[in-house]
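The values are calculated or read from the model by the stated rules, or taken from the named source; none is laboratory data. Remember, it's a predicted structure, so these values are computed and weren't measured experimentally. Quick reminder, even Gly has a Cβ in these numbers, built from the backbone with ideal geometry, and neighbours come from all protein chains shown.
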Amino acid sequence: MVGDWLFVLGGFGYDETRQLIGLSSVYRIRLRDDGMFDCPSECNWERMPDLTDASGAPFPVANGSAFLLNGRLYYMGGFSDVKSGVVLQSPLDGIGSGDIVSGPWSELASFGLPALEQGQFDRLGAAGFGFGSFLYVAGGIRMAPDEHVLGDSLFAHLSGDGTIGP
């Protein structure tokens, strides 16, 4: 939630051959004060810029955690067709006017295992959140190659421009 907008990032879907795939799509919809979708007749989610990696290529994700911190939307952890354990951020415009839109996505860092192979994932279902000038990720599941629950937590300092740094 950002203001009265609900954002949905990534997830799972099916390709044309009915193969399960990760999605890079981002959608939003406005909520009314009574908690219902703000759509008088048809409820259509509005498509926002897709999640992308540092090169601008689609970055499909699922089972991660998204949160708002200091005017930026962050996504971390979970599953990806590309890599695992990544931190993405997108600046949000229009917070003051209430017409919130996400900007282009950028990859900040990776907290995954350095040598994950295809089909190995880090931080599935982890809890990610921001507080002050720090972002945190706690728990989750590592599937590399065997599945096990992670009981640790990691944190990183955010610089004023929203990037990870001193």
Does the range 141-158 hold any residues that are free of Cβ contacts under 8 Å to residues at least 24 places away in the same chain and not hydrophobic (A, V, I, L, M, F, W, C), and which are they? D146, E147, H148, G151, D152, S153
What pairs can you find where one residue is in the range 24-45 and in contact (Cβ under 8 Å) with a residue 60 or more places away in the chain, the other is part of a strand (DSSP E or B) and aliphatic (A, V, I, L, M), and their Cβ atoms are less than 6 Å apart, with a gap of 6+ or different chains? V26/L9; V26/M48; R28/M48
Any chance G112 is part of a loop (DSSP other than H, G, I, E, B), over 25 Å from L31 (Cβ atoms) and modelled with pLDDT of 80 or more: no
Would you mind stating whether F67 is closer than 20 Å to A127 by Cβ, crowded, with 19+ Cβ neighbours inside 10 Å and of a type in the set (F, W, Y)? no
Considering residues of the range 70-86 that are closer than 22 Å to D161 by Cα and surrounded by fewer than 19 Cβ atoms within 10 Å (Cβ to Cβ) only, the residue modelled with the highest pLDDT: N70
